[in-house]
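The values are calculated or read from the model by the stated rules, or taken from the named source; none is laboratory data. Keep in mind the model is a prediction, meaning the values are calculated, not measured. All Cβ positions, glycine included, derive from the backbone under ideal geometry; neighbour counts span all protein chains shown. Keep in mind that these areas ignore ligands, DNA and RNA; they rest on the heavy atoms of the full protein, side chains included. Shrake-Rupley method; radii C 1.70, N 1.55, O 1.52, S 1.80 Å.
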Amino acid sequence: MATQQLSPMMQQYVETKKQYPGCILFYRLGDFYEMFFEDAKTVSRELELTLTGKECGLTERAPMCGVPYHALDTYLSRLVQKGYKVAIAEQMEDPRQVKGLVKREVIRIVTPGTLLDSQALDETKNNYLMSIVYLAKSFGIAVTDITTGEFLVTELPSIRMLLDEIYKYTPSEIICNEAFYMSGVDLEALKGRVNFLISALDNHYFDEESCEGTLKKHFHVERLEGLGLEDYPVGLIAAGTALRYLLETQKNSLSHITRLTPYRSGKYMLIDTSTRRNLELLETLREKQKRGSLLWVLDKTRTAMGARLLRSFIEQPLLDREEILRRQDAVEELNNSYITREELGEYLNPIYDLERLIGRISYQSANARDLIAFKNSLQMLPPIRLLLKELQAPLLMELYESLDPLEDLTRLIETAIVDDPPLVIREGGLIKEGFHEEADRLKKAKTEGKTWLAELEAREREQTGIKNLRIKYNKVFGYYLEVTNSFLSMVPDRYIRKQTLTGSERFTTDELKKLEEIILGAEDKLFILEYDLFCQIRSDIAKQVERIQKTAHCIAWIDVLASLSETAVKHQYVRPKINEKGIIDIKEGRHPVVEQMMRDHLFIANDTYLDNTNNRLSVITGPNMAGKSTYMRQTALICLMAQMGSFVPAGAANIGICDRIFTRVGASDDLASGQSTFMVEMTEVANILRNATKNSLLILDEIGRGTSTFDGLSIAWAVIEYISNPKILGSKTLFATHYHELTELEGILKGVNNYCIAVKEMGDEIVFLRKIVKGGADKSYGIQVARLAGVPEPVLLRATELAEELAEADISARSREIAGASKPAKAHVPRLDEVDLKQMSLFDTVKDDDILKELEVMELSSMTPIDALNTLYRLQNSLKNRWK
């Protein structure tokens, strides 16, 4: 495109667009943001807007579409959520005061990870931007949410740990270096599970010196020790890159990002992606809904900040016993202080999202209504602090001391901003009377001016006799006298015609002109002054960002602790004991989610006992649908809840701290990556066996069922041997299986015990009693379960016949051979498809032959490749001649 042929305005557009090639450019023209050329076609298609054209100096009109300036956030959010980056070019001058081309600049670039619109974001979730740097076989990670100011950094040694962090934070945008694309991470599979935009930045972003300088300058420190980054060399680059990216795209100081928090994954229980999904911690496995998840049960929070913090509690259970006990003490005291807890809930309810409000205030994008919401929230702080003063738990006392009531900010907004301000901040009506002397004077002139207009209107009616004469106003003609056509003959000569309409005429007079100058002059000055005063108030509040963030953090903690307390009381949870001896002892444990979903039925509670000596591994047998998976999951969830500081659904519990929880539950093909059910299963088992420790809790369901019976049984057997051996692993494990042969391991392998789900037989039918009892099940009841599922009777009868026949070919004798047991085996029943491997052994036929002797003494290391090939060819021919 020849820019010299374009109109001056379009030349300005094209030059701006060149500076932001990867972005859609929203270009402010009057009351609209316009898009041109390819951007217009894209936006028109994605947002279903009408595509028009504009004369641009070329032979063809430029494709164009636009959105009203007041609806910017709505259209912007829709576009960004589709994965686009948008640059907003704003008018930097008032078009009414400029001759020629208005100056325009890009004031902000909006991306999925930098979206600020509260209407588009889920207030209960963080909107994270993640920076990943792959360097020297390590992954540096920085995670930030610009809506709240949260900024975290860590370093990881492996792809699997990286994936776990990505699934934990579910970022909406990832920025990375080029090397990350070659690190071995399957990005397509990752995108299938987490919806994010990923982009590789230029190499200059990852310069260590520049990253270090950016961090030091922003956080006002002289040395990296002040940030705690001395042990995170790659994490430092990731953090510096994230901050540089945000500074360049947001084009402001990011003053609300006040702290960078390094963390190590070893501080929290490790929950990998599979476990997070299988235990349905935040959403259900199939529908991806909150209802039916652990979060759904525990979330009684009243604020958006509390909801986000509760998510992090669930995803990051603690390993520090003392910290767990501190949380438990706080929850217990709130349990015992019903009235205080209820009052806290009443005061928490009206509190808006302080973290995101201060983000908008720091961005200078908050309007007057945001400040009123902020003030209304702050008014709740003194009574909350007063209630906390009554409580004695150490954690609650700390929150009391840390909670700044921010009364000075409440007073500032209360005295400055009207209670019901307009949405637009440039058209006055924001500042209370008495706050500013000059603003009061201008308001008075404006008010008295309107009184003068009313008096003038009355005088003119009386003097002219025109009964329906009115003084009106619009932005084009200002103030005017309007006379209908029926009274035009009565209009005096001193009236000056301004406009002729179909049914009336509009006039002015010298006196009206003078009044207009006074009134409009005062109004314009007042609008400008009120806007300036509002911006100053907003800036003054932004300077207190650290105080506000600290208070917001306290409110979130109070909210979460109150939520855990309310849940515990409502569902009759108990306080678990926490031990570091590796004992998991649960009496009458219940599944926290299932018991809430089955309102019309009684949930059957069950006991669990695991330790590091004689009860390391429980082999659980029983039919499908009997409740094995529910039982195992409830054990894992109770342990997780205990370590997040919550009370648990049980009669009593003593929980040994688990460093990790691993689950292998269910079977599904991973079609996206071309992996079968069995391959997915074995991959997850391999991960568990390589990464579990003696302090881990393993939940393994139906290992080996994705392949043949013998292979599956052998794998399951070997896995149990591996896990139960304290010299190799020794993890506490619940192992559900249909391979009844595995019950032979009790008494053979130390620490392995059999349990089963109790079932009552009633003729051909069964009743699931849902109770875990000692011992192994003697059969699977598969045909009875098939009957419950509605399988036709002829199929069931035939299945019964076949089951009886197959039972004669019992494989338990083979399982005893594997275990080295001395029990007598059943007589082997010959099978027509069984081949004697001895008949297939070539070496049995020629075991004394000189060919074997020649092979035995042959010096292979001294042979050349061609000699080896010739020798092999000679021996092969020799064998062929013997078989003829």
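Positive end of the dipole of region 443-556, charges at C-beta (+1 Lys, Arg; -1 Asp, Glu), about the Cα centre: which of His553, Thr447, Asn474 has its Cα farthest in that direction?
Towards the positive end, the residue furthest out is His553.
Nothing charged except the Cβ atoms of Lys and Arg (+1) and of Asp and Glu (-1): what's the magnitude of the dipole of region 84-196 about its Cα centre? Round to the nearest 20 debye.
Values: 12 positive and 16 negative charges, 60 e Å.
For region 84-196, the charge dipole is close to 280 debye.
Please report the carbon-and-sulfur percent of the accessible area for region 549-685; probe 1.4 Å, protein heavy atoms only, DNA, RNA and ligands left out.
On the way: 2500 of 4880 Å².
Here it works out to 51 percent.
Note the angle between two axes, namely the Cα long axis of helix 159-169 and the longest principal axis of the Cα atoms of the chain, as a number of degrees from 0 to 90, rounded to the nearest 10.
40 degrees
Would you kindly derive the ³J(HN,Hα) couplings of region 791-802 from the backbone phi angles with the Karplus curve 6.51 cos²θ - 1.76 cosθ + 1.60 (θ = phi - 60°), listing them in order in whole Hz, with x for Gly and Pro?
Once θ is set to phi - 60°, the couplings for region 791-802 become 5, x, 4, x, 5, 5, 5, 5, 4, 5, 4, 5 Hz.
One-quarter of the Cα convex hull surface for region 3-97, in nm²? Kindly include the intermediate steps, with their values, before the conclusion.
Values: hull surface 25.3 nm².
Spelled out: convex hull of the Cα atoms, projected over all directions, averaged, 6.3 nm².
Principal axes first, then extents: for the Cα atoms of region 102-256, list largest minus smallest coordinate on each axis, whole Å, largest first.
In descending order, the Cα extents are 50, 40, 31 Å.
Any idea how far the Cα center of region 348-372 sits from the one of region 132-197, in Å?
Centre-to-centre (Cα) distance: 30 Å.
Report the equivalent ellipsoid semi-axes for region 169-219 in whole Å, largest first, defined as the square roots of five times the eigenvalues of the gyration tensor built from alpha carbon atoms.
Numbers: eigenvalues 134, 39, 12 Å².
Computed over region 169-219, the values are 26, 14, 8 Å.
Cβ neighbours within 10 Å, averaged per peptide: list 308-315, 169-176 in order, most packed at the top. Provide the component values of the computation, followed by the final result.
Values: 308-315: 20.9, 169-176: 22.9.
Averaged packing, sorted descending, gives the order 169-176, 308-315.
Going highest first, how would you order 219-225, 330-336, 616-622, 551-557 by mean Cβ packing within 10 Å?
Details: 219-225: 11.3, 330-336: 20.4, 616-622: 25.1, 551-557: 22.9.
Sorting 219-225, 330-336, 616-622, 551-557 by mean packing, highest first, produces 616-622, 551-557, 330-336, 219-225.
Under the rule of at least 5 residues apart or a separate chain, name every residue whose amide H is placed under 5 Å from the amide H of Glu150.
Under 5 Å from the amide H of Glu150 lie the amide H atoms of Asp145, each far enough along the sequence or on another chain.
Is region 414-454 best put as rounded, prolate or oblate by its Cα gyration tensor, with a ≥ b ≥ c the root eigenvalues, rounded for a/c under 1.5, and otherwise prolate when a/b is larger than b/c, oblate when not?
Values: a/c = 2.49, a/b = 1.52, b/c = 1.64.
It comes out oblate by the Cα gyration axes.
Step through the residues of region 451-465 one at a time and calculate ³J(HN,Hα) from phi using the Karplus curve (6.51 cos²θ - 1.76 cosθ + 1.60, θ = phi - 60°), rounding each to whole Hz and writing x for Gly and Pro.
5, 4, 5, 5, 5, 4, 4, 5, 5, 5, 4, 5, 6, 8, x
So how strong a dipole does region 342-408 carry about its Cα centre when Lys and Arg Cβ are +1 and Asp and Glu Cβ are -1, to the nearest 20 debye? Can you show the working numbers first?
Values: 6 positive and 12 negative charges, 68 e Å.
Computed about the Cα centre, the dipole is about 320 debye.
Out of the GluC sites (Glu not before Pro) in region 392-491, which ones are loop residues according to DSSP with at most 11 other C-beta atoms within 10 Å?
Within region 392-491, the qualifying GluC sites (Glu not before Pro) (loop, at most 11 other Cβ atoms within 10 Å) are Glu433.
Amide H to amide H, which residues 5 or more places from Ala652 or on other chains are under 5 Å from it, using H placed in the peptide plane?
Here the answer is Lys587, since their amide H atoms fall under 5 Å of that of Ala652.
Could you point to the residue in Leu247, Ser539, Val418 farthest towards the positive end of the chain's charge dipole, with +1 and -1 charges on the Cβ of Lys/Arg and Asp/Glu respectively?
Positive-end residue among those listed: Val418.
Looking at the chain only, what percent of DSSP beta bridges run antiparallel? Nearest 5 please. It would help to have the intermediate numbers written out before the result.
On the way: 63 of 101 bridges.
Around 60 percent of the beta bridges assigned by DSSP in the chain are antiparallel ones.
Can you tell me, using C-alpha contacts under 8 Å and at least 6 residues apart, the relative contact order of region 18-98 as a whole percent? It would help to have the intermediate numbers written out before the result.
Numbers: 109 pairs, mean separation 29.9, N = 81.
Worked out over region 18-98, it gives 37 percent.
Normalized C-alpha radius of gyration of region 512-648, against 2.2 N^0.38 Å?
Values: Rg = 29.9 Å, N = 137, 2.2 N^0.38 = 14.3 Å.
Against the compact-globule rule of thumb, the ratio is 2.09.
Picking from Ile688, Ser714, Leu396, whose Cα lies most toward the positive end of the charge dipole for the chain (charges on Cβ: Lys, Arg +1; Asp, Glu -1)?
The Cα lying farthest towards the positive end belongs to Leu396.
When a/c is below 1.5 the answer is rounded, else prolate if a/b is larger than b/c, else oblate, so apply that to region 287-329 with a ≥ b ≥ c taken from the square roots of the Cα gyration tensor eigenvalues.
Working: a/c = 2.48, a/b = 1.76, b/c = 1.41.
Prolate, because a/c is 1.5 or more and a/b exceeds b/c.
Taking amide H positions as placed in the peptide plane 1.01 Å from N, state which residues far from Ile583 in sequence (5 or more) or on other chains have amide H under 5 Å from it.
Those qualifying (amide H under 5 Å, at least 5 residues apart or on another chain) are Gly656.
Per residue, how much accessible area does the chain have with a 1.4 Å probe, in Å²? Show your work: numbers first, answer last.
Numbers: 43780 Å² over 884 residues.
Computed with neighbouring chains in place, this is 50 Å² per residue.
I'd like the distance separating the alpha-carbon centroids of region 470-489 and region 1-68, in whole Å.
40 Å
Looking at the square roots a ≥ b ≥ c of the eigenvalues of the Cα gyration tensor of region 553-613, which shape do they give, rounded for a/c under 1.5, prolate if a/b is larger than b/c, or oblate? Please list the in-between numbers first.
Details: a/c = 3.17, a/b = 1.17, b/c = 2.72.
In terms of gyration-tensor shape, oblate.
Please list, or write none, the lysines whose alpha carbon is within less than 22 Å of the alpha carbon of Lys137, excluding same-chain residues fewer than 8 places away.
Counting by Cα, and skipping residues close in sequence, Lys137 has these lysines nearby: Lys168.
Would you kindly derive the ³J(HN,Hα) couplings of region 571-576 from the backbone phi angles with the Karplus curve 6.51 cos²θ - 1.76 cosθ + 1.60 (θ = phi - 60°), listing them in order in whole Hz, with x for Gly and Pro?
9, 6, 7, 10, 7, x
Which value in Å does the Kirkwood hydrodynamic radius of region 260-311 take, with 1/r averaged over all unlike C-alpha pairs and then inverted?
Working: mean 1/r = 0.0798 Å⁻¹.
When all Cα pairs of region 260-311 are included, the Kirkwood radius is 12.5 Å.
Using only alpha carbon pairs under 8 Å that are at least six residues apart, calculate the relative contact order of the chain and give it in whole percent. Write down the numbers at each step before the final one.
On the way: 1447 pairs, mean separation 76.7, N = 884.
For the chain, the relative contact order is 9 percent.
At 20 °C and 1.002 mPa s, what whole-number value in µm²/s does Stokes-Einstein give for the translational diffusion of region 295-417, with Rh from the Kirkwood sum over Cα pairs?
On the way: Rh = 16.1 Å.
D, rounded to a whole number, is 133 µm²/s.
Please work out the C-alpha center-to-center distance from region 240-272 to region 504-547 and express it in whole Å.
Centre-to-centre distance over Cα atoms comes out at 41 Å.
So how much accessible area does Tyr84 have, in Å² to the nearest 10, using a 1.4 Å probe?
60 Å²
If you put +1 on each Lys and Arg Cβ and -1 on each Asp and Glu Cβ, how big is the dipole of region 557-707 around its Cα centre, in Debye rounded to 20?
Numbers: 15 positive and 16 negative charges, 69 e Å.
Here the size comes out at about 340 debye.
For region 225-383, what does the relative contact order come out to in percent, with C-alpha contacts under 8 Å and a separation of six or more?
19 percent
Find how much the distance from Glu854 to Asp607 grows on full extension, using 0.36 nm per residue of separation minus their present alpha carbon separation; answer in nm with one decimal.
Working: separation 247, 0.36 × 247 = 88.92 nm, distance 6.58 nm.
Difference between extended and current length: 82.3 nm.
State, to one decimal in nm², a quarter of the convex hull surface area for the C-alpha atoms of region 199-294, i.e. the direction-averaged projected area.
Details: hull surface 36.0 nm².
Hull-based average projected area comes out at 9.0 nm².
I'm spelling it out carefully: the read-out is Cα Rg over 2.2 N^0.38 Å, the candidates are [x] 1.10; [y] 0.98; [z] 1.30, and one was derived from this structure. Which label?
[z]
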